Amino acid sequence: MNPPIEDWSGKRVWLLGASSGIGAALGRLLLARGARVAFSARNAARLAEVAGDGERALVLPCDAADHASLQAAWEKLLLAWGGVDVALYVAGDYLPMRAWDLDVERARQMIDINFAGAVSFAACVVPQLLRQGGGQIGFVASVAGYRGLPKSLIYGPTKAALINFAEALYLDLQAKGIGVRVINPGFVATPLTAKNDFAMPALLTPEQAAQETIDGFAGSAFEIHFPKRFTRVVKLLAHLPYRIYFPLLRRFVDR
């Protein structure tokens with residue numbers, strides 16, 4: 001399905017959303033694997049701290065929700081490296097939300113960062129991948145995008161849209177030799193999930209999530225999901241008929 005990547009030496013990788021969490025851990029791991037890594041996020045000081053001062057690291061601050069800012073970072077990357085071999089959209093925003101707490105401004109912010117920013121990212125990267133005749137683009141979504149979940153009124157739909165977007169990209173680009181991946185983690189201990197007020201089963205560290213992601217790229221699958229002891233259960237739930245799914249989930253909501 002996708003060209004496997006086992007050797008990252010010399011690979012040009014752009015990480016958008018690399019100042020903390022999975023993105024920062026991925027950047028460090030890829031540098032350790034010999035890749036050239038461009039680190040992007042809004043917090044320039046934090047990016048510099050994560051990237052270090054190695055010659056294979058490039059710091060390109062930008063705002064994922066601002067297309068002009070993202071485009072400017074991409075143009076700097078093109079000047080520095082001429083393009084990328086792998087582009088990963090790891091940026092994300094999350095706020096637990098219920099129907100009676102619906103905040104339109106925060107909802108729009110999540111939509112802009114979790115989905116609209118990914119579209120801008122693809123608009124920058126895909127033409128270059130087509131010109132060079134290869135490479136890969138990936139998006140960190142979430143198992144929350146599989147189906148409607150409690151307290152995920154806006155976050156879940158943005159991730160569902162991102163999964164659907166990645167699927168459509170794959171259908172267009174696979175025949176042209178360009179790999180497309182969607183990464184669907186379960187719970188990962190990040191500043192975002194720290195907002196949760198419930199127990200998070202099979203919680204991973206960002207470093208574990210980064211390793212799972214790199215292991216996934218060594219295969220050819222479109223979807224990389226982890227930890228499987230949790231994601232397989234969520235996949236099963238997602239295939240239940242509504243008459244079973246809704247009462248089952250409501251049991252957990254009403255606790």
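Readers should treat all values here as calculations from the given coordinates under stated rules, not as data from a laboratory. Just so it is clear, the structure is predicted and the values come from calculations on it, not from any experiment. Heads up, the Cβs are rebuilt from the backbone with ideal geometry, glycines too, and the neighbour counts pull from every protein chain shown.
Restricting to DSSP H runs of at least four residues, report the calculated mean residue ellipticity at 222 nm for the chain, -39500 (n - 2.57) per run over all residues, nearest 500 deg cm²/dmol. Using -39500 (n - 2.57) per qualifying helix, the result is -14000 deg cm²/dmol. Straight-line cross-link partners of K151 among the lysines, defined as a Cα under 17 Å from its Cα and at least 8 positions apart when in the same chain: K159, K195. Between M1 and T193, the contour length at 0.36 nm per residue exceeds the Cα-Cα span by 66.0 nm. Out of I111, L60, L237, whose Cα points farthest toward the positive end of the dipole of the chain (charges: +1 Lys, Arg; -1 Asp, Glu; placed on Cβ)? In the chain, that residue is L237. Using a cutoff of 8 angstrom between alpha carbon atoms and counting only pairs six or more residues apart, the relative contact order for the chain works out to 20 percent. Placing pseudo-labels 7 Å out from each Cα toward the beta carbon at K176 and R229 gives an inter-label distance of 4.2 nm. Using a Gaussian network model of the chain in which every pair of alpha carbons under 10 angstrom is joined by a spring, one finds that among Y242, Y94, Y170 the greatest mean-square fluctuation is at Y242. Distance between the modelled labels on A72 and D53, one decimal in nanometres: 2.7 nm (7 Å Cα→Cβ projection). Averaging 1/r across all pairs of distinct Cα atoms in region 12-253 and inverting the result yields a Kirkwood radius of 18.3 Å.
When restricted to Cα atoms, region 52-99 yields an Rg and a Dmax of 14.4, 48 Å, respectively.
The GluC sites (Glu not before Pro) found in region 1-63 that occupy coil by DSSP, while having at most 13 further C-beta atoms within 10 Å, are E6, E55.
The charge dipole of the chain, taken about its Cα centre with unit charges on the Cβ of Lys, Arg, Asp and Glu (plus for the first two, minus for the last two), comes to roughly 720 debye. Within the chain, the selection of entire DSSP H helices by a Cα span of 30 Å or greater along the long axis and an average Kyte-Doolittle value of at least 1.0 returns an empty list. Between the C-alpha center of region 183-224 and that of region 1-63 there is a gap of 17 Å.
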